[in-house]
Amino acid sequence: MGYVGLPLLLVFGKAGFPVMGLDIDKAKISQLLTGKSYIKHIPSESIESLNAGGNFQASTDFSLVSELDCILICVPTPLTETRDPDMSYIESTARAIAPHLKKGQLIVLESTTYPGTTTEVLALELESGSGLKADSDFFLAYSPEREDPNNKEYSTSTIPKVIGADHPKGMEMANALYSSIIRKTVPVSSTKVAEATKLMENIFRSVNIALVNELKIVFEKMGIDIWEVIEASSTKPFGYMPFFPGPGLGGHCIPIDPFYLTWKARQYGVESHFIQLAGEVNVSMPQYVVQKIESALAVSGNKVENCRVLLLGLAYKKNVDDDRESVTFKVMELLAKKVREVDYNDPYIPIIKPRREYKCFVGKKSVPLKNIDQYDITVILTDHSSYNYDEIVKHSKIVVDTRNACGKINSDKIIKA
Ligand SMILES: NC(=O)c1ccc[n+]([C@@H]2O[C@H](COP(=O)([O-])OP(=O)(O)OC[C@H]3O[C@@H](n4cnc5c(N)ncnc54)[C@H](O)[C@@H]3O)[C@@H](O)[C@H]2O)c1
């Protein structure tokens, strides 16, 4: 019932399917049962109306799986501390549902993962816990999620959905299910192909973002503004699509997913050079931003160690309340060792909640923007639309802009990074 599962449940519910939301997180389940949303871009009304329709259940009791026809798994797939795929969520979900499986059910994995997961991990766990046989007693499919939180143009039902299955019956069932809520399904020949499709899409983004991040530094040395170059290049009607530089990668997908393939590729004795190189370039971006901040402070005659810095935006991208893998944490960590004080403002994240990494920042609160003039420098890391950039520039002493949010403002206070 996270960022992927909840919207999917709502679409099926709206289409008239009886739906059940299962999660190990009791807080989420009780919020769902009282009609409350815990995701900024999902209005509580959509959950309330599902509740009112009477076709909705939410629970932490996985034995209810026996009542279902189709089970869609949308659990996290992070990296371990050694940056290997962390299969523990998929494995524990499979172990929790396996004893309650029934003949004839369809189980679809939606989590992003390496090619082979559905057959090598999910099928094995389900078979050993149920005594049933995959693609004979129950059926399996893999269908990657292409959710783009807060995208106003595309939503779950209008984004084409790739579906892979290793048995014709699994494909028939999965295609029938998704076709009833999604305008266009894209059947492929196997679960592996569908798993690889999702990874290719995200690797494509990671590599192209790394490319523009590198070009940003190259062009800057030549006195060329990359943003102007991108705008001009984007007028080419074929063979080019724009990607934008930034302070580094964030979010639950792009910084993580490519390394699922790197890991799997090594088992086949091949190295994925592009993925590694893109990772290196993107990971070096927060350091580049911090250097820009330091040199801007030095030019203005400030001693870096005496300075107070305000970071704007903790969310990993604009207009969302999701701070997973947000690059702001890295910038904050690097700056905390150098400056007197580093604070953040984010209209959607009032406090830093308990988390696995950057634990030292847990409990830190978003400071009000009205105090912006008390800081020696303001750094724009997330370009939320709700920010008034004219006012930000007006009341800041120096602005380091990593997103070109102030691109249309003419002021010598602004430094692009
Ligand atoms: N967020 C996105 O925009 C997005 C887009 C495409 C793909 N994905 C992929 O979708 C998957 C899910 O991502 P998300 O953003 O929804 O994550 P999330 O953290 O928002 O949600 C995951 C949910 O799974 C629950 N959970 C954990 N272990 C469980 C278990 N054993 N049984 C039942 N529930 C369990 C968690 O409590 C949480 O509510 C990941 O593989 C991710 O890479 C995410």
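The values are calculated or read from the model by the stated rules, or taken from the named source; none is laboratory data. Bear in mind that the values here come from a model prediction, so they are computed numbers and not experimental data. All Cβ positions, even for glycine, are placed from backbone atoms using ideal geometry, and neighbour counts span all protein chains on display.
Of everything in the range 39-97 that is closer than 22 Å to Ser155 by Cα and acidic (Asp, Glu), the residue that is farthest from the chain's Cα centre (by Cα) is Glu48.
With the requirement that a residue be touching a strand residue (DSSP E or B) at 6+ places or on another chain (Cβ under 8 Å) and either closer than 17 Å to Tyr3 by Cβ or among the aliphatic types (A, V, I, L, M) (or both), what does the range 29-56 give you?
Of everything in the range 29-56, those that are touching a strand residue (DSSP E or B) at 6+ places or on another chain (Cβ under 8 Å) and either closer than 17 Å to Tyr3 by Cβ or among the aliphatic types (A, V, I, L, M) (or both) turn out to be Ile29, Leu32, Leu33, Leu50.
Whenever a residue of the range 217-245 is on the phi < 0 side of the Ramachandran plot, its partners that are surrounded by 14 or more Cβ atoms within 10 Å (Cβ to Cβ) and of a type in the set (Lys, Arg), lying with C-beta atoms within less than 8 angstrom and at least six residues away or across chains, give the pairs Glu220/Lys416; Asp225/Lys416; Ile226/Lys216; Trp227/Lys416; Phe243/Arg205; Phe244/Arg403; Pro245/Lys216. Residues being among the charged types (D, E, K, R), within 17 Å of the chain's Cα centre (by Cα) and within 16 Å of the ligand (Cβ to nearest atom) are represented in the range 239-259 by at least one member.
The rows are residues; the columns are (1) hydroxyl-bearing (Ser, Thr, Tyr); (2) more than 12 Å from the ligand (Cβ to nearest atom); (3) more than 23 Å from Val193 (Cα to Cα); (4) at pLDDT below 95.
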residue: Tyr89; (1), (2), (3), (4): yes, no, no, no
residue: Ala94; (1), (2), (3), (4): no, no, no, no
residue: Glu110; (1), (2), (3), (4): no, no, no, no
residue: Pro115; (1), (2), (3), (4): no, yes, no, no
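Go through the range 41-71 and give me each residue that's within 11 Å of the ligand (Cβ to nearest atom) and either under 20 Å from Trp263 (Cβ atoms) or touching a residue at least 60 places away in the same chain (Cβ under 8 Å) (or both).
Going residue by residue through the range 41-71, those that are within 11 Å of the ligand (Cβ to nearest atom) are 41, 59-60, 62, 65, 71.
Residue satisfying the conditions is His41 alone.
Name every residue in the range 153-171 that is closer than 15 Å to Tyr142 by Cβ and of a type in the set (Asp, Glu), in order of residue number. Asp166 - this is the single residue of the range 153-171 that is closer than 15 Å to Tyr142 by Cβ and of a type in the set (Asp, Glu).
Taking (1) surrounded by 17 or more Cβ atoms within 10 Å (Cβ to Cβ); (2) over 25 Å from Leu68 (Cβ atoms) in turn, Val218 satisfies each apart from (1). Remark: pairs (first residue in the range 94-109, closer than 14 Å to Lys133 by Cβ; second residue assigned to a loop (DSSP other than H, G, I, E, B); Cβ separation under 7 Å; 6+ apart in sequence or on different chains) = Leu101/Leu132; Lys103/Leu132; Lys103/Asp137; Gln105/Leu68; Gln105/Asp69. Whenever a residue of the range 392-403 is part of a strand (DSSP E or B) and surrounded by 22 or more Cβ atoms within 10 Å (Cβ to Cβ), it has no partner that is of a type in the set (Phe, Trp, Tyr) and modelled with pLDDT of 95 or more lying with C-beta atoms less than 7 angstrom away and at least six residues away or across chains.
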